[in-house]
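A short worksheet on the structure shown next.
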Amino acid sequence: MKCLAVIDTNILVSALISPHPNAATVQVVSKMILGEITPVYCKEILAEYREVLGRRKFHFPKDVVEQMLAVIERYGLYVTPGQTQVHLPDEKDLPFYNVVWEKHGDGAYLVTGNLKHFPTEPFIVTARQLLGIIEKSGS
C-alpha cells in the first residue's frame, strides 16, 4: 500500500538544498518521485510550492522545479479540503493541516520540518518519522 503524505514546502526546499542523498527529506522526495509516497495536495498548496520553489534566493533550476510539480500534479491526490477550527501560529500552514485533516482517516500524514507549527497529532510527522512508518509497514 502506498503512503499518502501532505508534504510541507520546507521538506521540498530541504531536499533540493541538501547535498546528502541519505538525508531524510531527500529520501521522502525520492520516494514520492518513485511512487512509494503519494503526495496529497490542494490548489493552495500547489500555489505555495510554485511560489516558494521559484524564489530567486534558492536558485533552483526551473526545469527541476517544474518536473517536481508535474510529478505532484500527475501522480498526487488532489483534495478540496473542508475548513477546520484549528488556529495555527502561521496561517499559511492552514491548507496543509486542512488537507491532512481531510485525509488522515485514509492514513495520510503531514510531513514537516516544523512540528511546532502544528498541533500535536499522530498524523503530523517529521521526514525521519515518515520513513520509519513506511519501513514498519513494508511499503
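The values are calculated or read from the model by the stated rules, or taken from the named source; none is laboratory data. Because the structure is a prediction, the values reported are computed rather than measured. Please note: Cβ atoms are built from the backbone with ideal geometry, for glycine as well, and neighbour counts cover all protein chains shown.
For the condition of a type in the set (S, T, N, Q), surrounded by 14 or more Cβ atoms within 10 Å (Cβ to Cβ), free of Cβ contacts under 8 Å to residues at least 24 places away in the same chain and on the phi < 0 side of the Ramachandran plot, THR120 does not qualify. Here is the figure for the stretch 34-79: residues that are more than 17 Å from ASP8 (Cβ to Cβ), without any contact (Cβ under 8 Å) to a residue 40 or more places away in the chain and in a helix (DSSP H, G or I) total 9.
Could you check, for the stretch 40-57, whether at least one of its residues is crowded, with 19+ Cβ neighbours inside 10 Å, out of contact with any Gly (no Cβ under 7 Å at 6 or more places or on another chain) and more than 27 Å from ASP106 (Cα to Cα)? Within the stretch 40-57 (the criterion being crowded, with 19+ Cβ neighbours inside 10 Å, out of contact with any Gly (no Cβ under 7 Å at 6 or more places or on another chain) and more than 27 Å from ASP106 (Cα to Cα)), the answer is yes, since at least one residue qualifies.
For the stretch 84-103, the condition of being within 15 Å of VAL28 (Cα to Cα), in contact with a helix residue (DSSP H, G or I) (Cβ under 7 Å, 6 or more places away or on another chain) and not aliphatic (A, V, I, L, M) holds for none of the residues. Restricting attention to the stretch 1-17, the residues that are out of contact with any strand residue (DSSP E or B) (no Cβ under 6 Å at 6 or more places or on another chain) and modelled with pLDDT under 95 total 1.
Summed over the stretch 98-115, the residues that are surrounded by fewer than 17 Cβ atoms within 10 Å (Cβ to Cβ), in a helix (DSSP H, G or I) and touching a residue at least 12 places away in the same chain (Cβ under 8 Å) give a count of 1.
Number of residues in the stretch 119-139 that are in a loop (DSSP other than H, G, I, E, B) and either closer than 16 Å to GLN27 by Cα or in contact with a helix residue (DSSP H, G or I) (Cβ under 6 Å, 6 or more places away or on another chain) (or both): the value is 4.
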